[in-house]
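As structure tokens, the structure follows; a few thoughts come after it.
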Amino acid sequence: FPVTIGLGMEETETFAVVKPLASPQARLGAYLVDIGLAIVTLFIGWLIWSFFTWQTGQTPAKRLMKQVVVSSKTDLPFTWVQMLLREAVVKAFAGGIASSASNGITWVVDSLFIFRDDRRTVHDLIVSSKVIQL
């Protein structure tokens, strides 16, 4: 998140405010909350809510837990289209097929990637994203 400060007499300096990465526990918590919300709202409510939260780079649970999906290259929040690609195409469709074919092993491997130093899962690496804590 770039911030510009005035130094007086038309001098300004722009610098990036670095937000911390979401911890593995926070990411797991958001995942479980998303599952719970999907169950409670019979998936339809979660999906409708997602269409609104994706425009800020969040899922419903990430909004509640103050997490944002940002580009690993620019640190800008993901757009609605990028979130659609990340959540629907990569995680749900491709991840679902891979997990079905491997009896869930690819889901476990993807989940364990949050313990890397950069806390990026396989789907984060595919779409060049990371999750930060606000």
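Just the Cα atoms of region 25-96, one point each, no solvent: what log10 I(q)/I(0) does Debye give at q = 0.26 Å⁻¹?
-1.34
Between exposed trypsin sites (Lys or Arg not before Pro) in the chain, where DSSP calls loop and at most 13 other Cβ atoms lie within 10 Å, what's the longest gap?
1-65
Over the Cα atoms, compute the radius of gyration (one decimal) and Dmax (the largest Cα-Cα distance, rounded to a whole number) for the chain, in Å.
Over the chain's Cα set, Rg and Dmax evaluate to 16.6, 64 Å.
For the modelled label position 7 Å from the Cα of Leu84 along Cα-to-Cβ, which residues of region 39-76 have backbone nitrogen atoms closer than 19 Å?
44-60, 69-71
Per DSSP helix of 4 or more residues, -39500 (n - 2.57); summed, then divided by the residues of the chain. What does that give at 222 nm, rounded to the nearest 500?
Value at 222 nm, helices only, nearest 500: -12000 deg cm²/dmol.
Every number here is computed from the coordinates shown, using simple stated rules; none is lab data. Keep in mind that what you see is a predicted model, and the values were worked out from it rather than measured. Neighbour counts run over all protein chains shown; Cβ positions are idealised from the backbone, glycine included.
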